[in-house]
1. Could you check the stretch 62-116 and list, in sequence order, the residues that are part of a helix (DSSP H, G or I), touching a Pro at 6+ places or on another chain (Cβ under 8 Å) and of a type outside the set (Gly, Ala, Ser)?
2. Within the stretch 185-238, how many residues turn out to be in contact (Cβ under 8 Å) with a residue 12 or more places away in the chain and either of a type in the set (Phe, Trp, Tyr) or assigned to a loop (DSSP other than H, G, I, E, B) (or both)?
3. Identify, by number, the condition in (1) farther than 19 Å from residue 256 by Cβ; (2) outside any helix (DSSP H, G or I) that residue 177 doesn't meet.
4. Does residue 259 satisfy the condition of being closer than 24 Å to residue 301 by Cα and either part of a helix (DSSP H, G or I) or among the hydroxyl-bearing types (Ser, Thr, Tyr) (or both)?
5. How many of the residues in the stretch 134-164 are crowded, with 24+ Cβ neighbours inside 10 Å, within 15 Å of residue 188 (Cβ to Cβ) and touching a helix residue (DSSP H, G or I) at 6+ places or on another chain (Cβ under 7 Å)?
6. Taking residue 218 as the residue in question, decide whether it is among the aromatic types (Phe, Trp, Tyr) and either over 23 Å from residue 120 (Cα atoms) or within 16 Å of the chain's Cα centre (by Cα) (or both).
7. Being farther than 28 Å from residue 350 by Cβ and acidic (Asp, Glu) is the filter here, so list the residues in the stretch 223-276 that pass it.
8. With the requirement that a residue be of a type in the set (Ser, Thr, Tyr) and touching a helix residue (DSSP H, G or I) at 6+ places or on another chain (Cβ under 8 Å), what does the stretch 255-293 give you?
Amino acid sequence: MLYTCAPGCRDPQHRHMLPTSVSDAPGASTDQPQGEGSATQKKGTRRIDVHCHYLQPGVAAKVAHLEPARYDPSTVFANALTRETNQRQMQERSVALTDIARRLQDMDRMGVDLQVVSPAPFQYYYFTPPALGAALSREINEGMRALVDGHPGRFAALGTVPLQDAALAMRELEHAMTSLGLRGAEIGTSVNGMDLTDPRLGLEPFFALANELEAVLFLHPVGFTEGGRLLDHYLNNVIGNPLETTVAASRLIFDGVAARYPKIKFLLAHGGGYVASYWARMDHAWKARADCRTVIAEAPSRYLEKMYLDTVVFDPAILGNLIARYGASQVLMGSDYPYDMGEEAPVRLIESVAGLREQERALILGGNAERVFGLQPKTVTTH
């Protein structure tokens with residue numbers, strides 16, 4: 001349906017400036033999903049998981065000698081028991097991270113028709129020299145494309161980019177979207193301890209390109225970078241990951257990136273972190289203090305409302321509150337597959353939200369993902 005609205009219309013149901021078909025999406029493949037879909041897909045209601053990860057062992061082997069864990073906040077800020085538990089998790093779940101047959105079985109068990117797969121977050125490799133980081137990103141992105149091509153109708157993918165070098169990140173984002181047909185990029189919430197808006201990174205041109213391409217940028221943390229107080233009880237993941245997302249989203253808003261580049265589709269992991277539930281404090285500060293109004297012209301929540309949130313919040317009441325606040329059009333199903341902090345039954349969680357209308361449920365289960373990632377089947381016009 002087409003709408004004619006006043007400039008600045010904010011009704012989320014109107015879905016302004018979003019692709020209406022696969023061919024409209026930047027860098028989207030025109031190939032239509034065929035085969036392998038489940039029964040729900042054949043009925044026209046696909047259930048799409050937008051938060052799931054895939055590990056490429058060959059790439060990991062190339063950097064093993066660099067000891068990537070030394071640069072990983074989730075490992076650095078962890079006690080011995082947490083490190084031991086994480087090692088055991090990788091041993092137990094490495095098959096699910098790498099084996100496609102196992103993944104497809106799990107998807108069918110979970111009721112998921114299609115995964116929008118992202119690289120395993122610890123394969124960002126921002127700590128590497130820029131040229132190496134760019135080469136690793138290219139290999140990862142080509143691997144993601146191969147995954148999609150090998151199983152039509154079951155996977156779409158996001159890539160990765162070497163954010164330690166803005167020019168190389170731009171080159172890789174353009175290649176990933178326009179040549180490989182990936183839907184955007186999963187990016188860290190910080191780069192080597194620096195915020196995404198830190199002038200030392202110089203990422204303004206990168207965001208400008210992402211805006212031009214109307215890219216999905218999936219913000220996914222790897223622990224809190226200042227996690228010295230979060231060593232025990234896995235706190236650098238349990239509360240550190242949502243805290244990292246909160247800081248990153250807040251900087252993107254207050255530093256004006258979200259305002260300057262409204263066509264970027266920011267997707268925030270883990271339900272948007274804490275900022276999604278405590279947005280009113282930002283708005284109060286913006287009204288009360290001049291130092292909170294140095295860049296943005298509108299209340300912070302106005303920019304947050306344009307971002308997207310996944311459903312990895314584990315509780316139907318919490319999820320219901322997010323839907324009520326931001327609208328069903330801004331919430332997308334996610335599982336964080338296959339990690340132990342993931343949601344094992346994402347479909348059931350959505351279906352457990354009280355008072356959710358069928359149309360809203362359909363949007364969250366897959367309709368929003370089709371729209372945001374440009375996954376709709378092409379419309380065929382007959383005469």
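The values are calculated or read from the model by the stated rules, or taken from the named source; none is laboratory data. Quantities reported herein were computed from a predicted structural model and do not represent experimental measurements. Quick reminder, even Gly has a Cβ in these numbers, built from the backbone with ideal geometry, and neighbours come from all protein chains shown.
1. Within the stretch 62-116, 93, 97, 98, 103, 106, 110 qualify.
2. Within the stretch 185-238, residues that are in contact (Cβ under 8 Å) with a residue 12 or more places away in the chain and either of a type in the set (Phe, Trp, Tyr) or assigned to a loop (DSSP other than H, G, I, E, B) (or both) number 25.
3. For residue 177, the failing item is (2).
4. Yes, satisfied.
5. 7
6. It is true that residue 218 is among the aromatic types (Phe, Trp, Tyr) and either over 23 Å from residue 120 (Cα atoms) or within 16 Å of the chain's Cα centre (by Cα) (or both).
7. Of everything in the stretch 223-276, those that are farther than 28 Å from residue 350 by Cβ and acidic (Asp, Glu) turn out to be 226, 232, 255.
8. 261, 274, 277, listed by residue number.
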